[in-house]
Structure formats: structure tokens, C-alpha cells
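Structure first, then comments.
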Amino acid sequence: MIDFNTTDAIEILGTIAFSISGTFAAVQKRLDPFGVLIIAFVTSIGGGTVRDLLLGDTPVAWMRDVNYCLLILVTCILTLFFKRHIKKFKVTLFLFDSLGLGLFTLVGVQKGVVFGLSPGICVALGTITGCFGGIIRDTLLNTIPLIFRKEIYATACITGGILYFALLRFHLDADVAKIVVIAFIVTIRIIVVKYKLALPKFGY
Amino acid sequence: MIDFNTTDAIEILGTIAFSISGTFAAVQKRLDPFGVLIIAFVTSIGGGTVRDLLLGDTPVAWMRDVNYCLLILVTCILTLFFKRHIKKFKVTLFLFDSLGLGLFTLVGVQKGVVFGLSPGICVALGTITGCFGGIIRDTLLNTIPLIFRKEIYATACITGGILYFALLRFHLDADVAKIVVIAFIVTIRIIVVKYKLALPKFGY
Amino acid sequence: MIDFNTTDAIEILGTIAFSISGTFAAVQKRLDPFGVLIIAFVTSIGGGTVRDLLLGDTPVAWMRDVNYCLLILVTCILTLFFKRHIKKFKVTLFLFDSLGLGLFTLVGVQKGVVFGLSPGICVALGTITGCFGGIIRDTLLNTIPLIFRKEIYATACITGGILYFALLRFHLDADVAKIVVIAFIVTIRIIVVKYKLALPKFGY
């Protein structure tokens, strides 16, 4: 079983999950192979790049470690190879998007803690890290970002981030807290979409 | 009366004005509460964030001072609460957008002066600070940004910024010059929209 | 003849080419003069700005040297003045866009080399520098960026960047290698569009 104990492992899994979701979204829009690769790339690194820019932690992470780029490339190619065998296309895309969201939110929250920021800002950083890859992906593909439409997207990140700090306050083991928070965010997303829940909307 | 003498006061008023305009724009698009909050947030901090990133002044302002985030949150909630009592919805949105534009343009110009940049670049920084919140808001809501359509949007910022340096050259008191420039930008915007003025367009 | 030997000369030519292409794209969308100027501006400086932000090389280049801003302004005005005399409008836009792409890709690759990054990351930086001006331009004008549609856009940058490192490995003179790579990227783009070539697309 993959070791969930370190932030590195979580970041690698999140990169893979978002790379798969980006590849699927680009294939749906019928892009050519390089277009697909670029969308996979920006979906994977978008959130972390915006986070690092806001923190002033430059050159950004993927520039310092070429392995992340290779990981995205390999994941993208493997996804294209295996996509014939996937029947429930939309469901698969959605699951990997949710998984990436949970994993990257935690990575962002933790980086905020490392930089000594207040918990509220850490939750914002986690939300940015989790959501921005998808926002950039959808903006480039010229659709209203998923986050602003029917699904409670950012809400899952924000409540997950708050939960993380609450669990730590109750002296839960940090690694257990991480897994709980990731599972919480993914579960919220799945429940929301399965039962078509939505926050009430404002109208005029 | 609120003290207009300091840059801080201008920044706080600008943040409130853009938070109101962002909330209104999001409600018009029928987003859920968190979507509304996020749009209010990016509209308020978008311009300043782009400015700080370009200057390399990181972590960006709102990360260092959680009070700005609280200010946006409270403004957004109050706006949602009072919106029932507002009849001229579009006019109100427009007025607060114009007010925020005037205030933030000045904040941006002054930050350029503090960084020792040339007047031309300071005017560009002011325009970016004033306009980018609205550009990001409209891009996320998937409409052609207001700035590129019928209203003379950036033009008001640019001429306002130039006016500021002209007034200082004539040895006008700096605080008076600030109020004059803010009033100038807001007035230009109102006149332009009221009388449907537009710069002549190019066609092919 | 203009001196192609230095990076500065390549950067100036690229700035001019993208400023012309941005002006043409904005005129096609019937923007007002300031809108046209802003689109010319972001098309010219967009790629380099994103590159500098990712590298943490701030304040970004155009803020430190007001001459780039003047160059874009003058180019934009001259383009508007001469556009009556241009018959093949789309072809001209396309040619300058391709030229800017070739020139800026090389500028980006070289900046990566100066920062001591690995060749793969340098090629990515070149691609970002070449492509992002056009991406921002098209996103602001609310069209699916050219790069993600029919033309092999990023592909030309990536193969050009790889070619540059290959040529250097075969001990070709650096200045000759630069001209070869620029000509290669522009030629690929022209051939692709002329013969309507495209990479095969994925569908589901």
C-alpha cells in the first residue's frame, strides 16, 4: 500500500489524480495530443503554482523538480492508453477530480502552516491549491468553471480545511487527521453530486 | 466622517466597494452563497494581488493581514442582507464598481511611487490595481470583461493617474490631489455611462 | 539589416510582432482605441510576465524598462495607421503571430538557461513565453485560445526548443542556432496552416 504518511506522497497522488482528470476533460473537448498534455499539465500544477506565486516561493515547485513534469507526462499517456477500457467516463473523471481536490487542499493547508500563516489564511491557501487547477482548466476550455456552477466545490475544501485544524486542536495524530480530512472532502463531493444537493441560490 | 487622508482608509473603502460590486455581480448570475463569497473576494483582492505579484511584493497583502478577508466577508454578508431593499440594482452595482475603481487606481499609483518606479509605470500599476478585480470577476463569470466593451473603463484610470502626477507637479497638497483624482475617475465613469459616450471603435 | 545576434534584438522584434498581432485581433473584435492598446500590451508582455513571475524575477521586465511600453504604444499606433493599406488582414495577423511565437520561444529558453534550469524546464519556459501572450489575448476576447484549437501551436514551440538544445549539442554556433530555430518555428506554423495539417484528435 502506498505510504500516506508524508506530504510528498499526498502531493504525488494529487498530481496523478488531477493529471487524469485534466486528460479526460481535454479528450471530451476533442483537443489534439499536445492540447491534451497541456490541459493535463495546467490542471495538475495550476493550484500549486498559484499558491507558490502568492507566497513568493519561486521558482515555483515544478520548475525545481523535473520529476513532477515526467509524472504528469506518463500519467497522461497511460490515461489515453487505458481510456478505451473505461465505460463510465464522466464518473471516472469526477472521482479523480474529487480525489485530487481532497489531496491538494491538504497540501496547501500544510504549506500555509509551514509559512507561519494564520489558520484562516491556511484554509484559503488550501482551497486555492485544490480548486485553481480545475478553474484554469475550465477557463481555458471556455466553460464556466465547475466550481461556480451546481456542485459544492469550494465549500468542500473550506470545511475540510476547518476540520483539519479542529482535529489537530483535539490532539488527533496529524497523519490520521490528514487521511480523515481527505476522505471527508472526497465523501462530501460524492454525496453532493449523487443526491444532487446544492446550497440555495440567490436570485433577483 | 471617514478619514480620507491616509492610503489605508482609501484601501479599506475600495475593498468594501469592490466587495459589494462583486456580490451583486455574482447574485445576478445566480451563484450559491460560497460562489458569491468567492466572487466578492476575487473582485476585492484581484487588482492588488496582480499588482503585488508583478512587483514581487510577496506574500501578497491579504495573506499578511487577515482583517481584509474579514472585511470582505462581513461586507458580502451585509450586502446579501440588504439587497432586498435595493431597487435600482444595476445602478447600485455600477456606482460601487466606479467608486472602487477610483479608490484602487490611486492605491496602485502610490504603491508604484513607493517602489520608485517611473510615472508611466505607476499609472499602469494604478490601472492594473483598479481594473483587474473586475476583469477576473467577469472572466470567471464567463462574460467579456466590462473593460473591453462599451464603457471607457481603463481610460478613466489612465487619465486619472496622469491627472494625479500633474496635480502634484503644480504643488497641490497630496491629500487634496487624491480626493480630486478619485472624484475625477468616478465622475468620468458616471458621465460616460449616463450619456452613453464611447470612444470611436475600429472596424474592418 | 537588424542585428539578430543578441537576445535583446530578438526580444525587441518579438515585442513588435506580438504588438501588431494583438492590435489586429482587437480591431477584429471592434474594441475602442484604449481596448486595442491594452490587448496589444498584454499580447506583447503576457508571455514574458508569466515567465518572470514563475521564475520569481520581479519586478517583471516591462516595469523596469519603460522603453518596452513605449515600443508597444508606437507599434500599436503605427499598425492602426497602416491597417487601411493591408488587404490580406488575416494572413498578416497570422504571420506576425507566428514570428512573435518563434522569437519569444527562444527568449524564454535562453532565460531558463541563464537561471540554470534543466533543458526540459527551459523548453517549457520557452513555450510559456511564446504562447501565453496569445492565450491571455484570446481569453480576454472570450474565444477558445487559438492554441487549443486547430493549429499545432504549442507543438511548434516545444519541437523548436528541443531543436535548439540538439543544435547546441552538435556544437553549432549559438547565434546561427537561434536563427535556425526561429525560422523552424515560423516555417512549421506556416506549413501547418497552409496545408491544414493537424495532429489527430481524441474523441469519445
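Numbers for the structure displayed
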item	result
Kirkwood Rh (inverse of mean 1/r, distinct Cα pairs), chain B, angstrom	17.1 Å
Lysine pair count for segment A:7-194 [Cα-Cα under 25 Å; pairs on different chains or 8 or more apart]	16
Cβ-vector label at 7 Å, C:Leu70, separations to other copies in nm	4.8, 4.8
Proximal charge balance of B:Asn67 [Cβ under 13 Å; K/R count +1, D/E count -1]	-2
Exam field: A:Ile190 pseudo-label spacings to other copies (7 Å along Cα-Cβ), nanometres	5.6, 5.6
Teacher prompt: B:Lys88 distances to equivalent labels in other copies, 7 Å Cα→Cβ, nm	5.4, 5.4
CD proxy at 222 nm, helix term only [per DSSP H run n ≥ 4: -39500 (n - 2.57); per residue of chain B; nearest 500]	-25500 deg cm²/dmol
Intensity falloff of the protein assembly as shown expressed as log10 I(q)/I(0), Debye formula with alpha-carbon point scatterers, at q = 0.06, 0.07, 0.10 Å⁻¹	-0.31, -0.43, -0.91
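Each reported figure results from applying straightforward, stated rules to the coordinates on display, with no laboratory input. For clarity, every value in this text was computed on a predicted model and none was experimentally measured. Here Cβ is always computed from backbone atoms with ideal geometry, including for glycine, and neighbour counts include all displayed protein chains.
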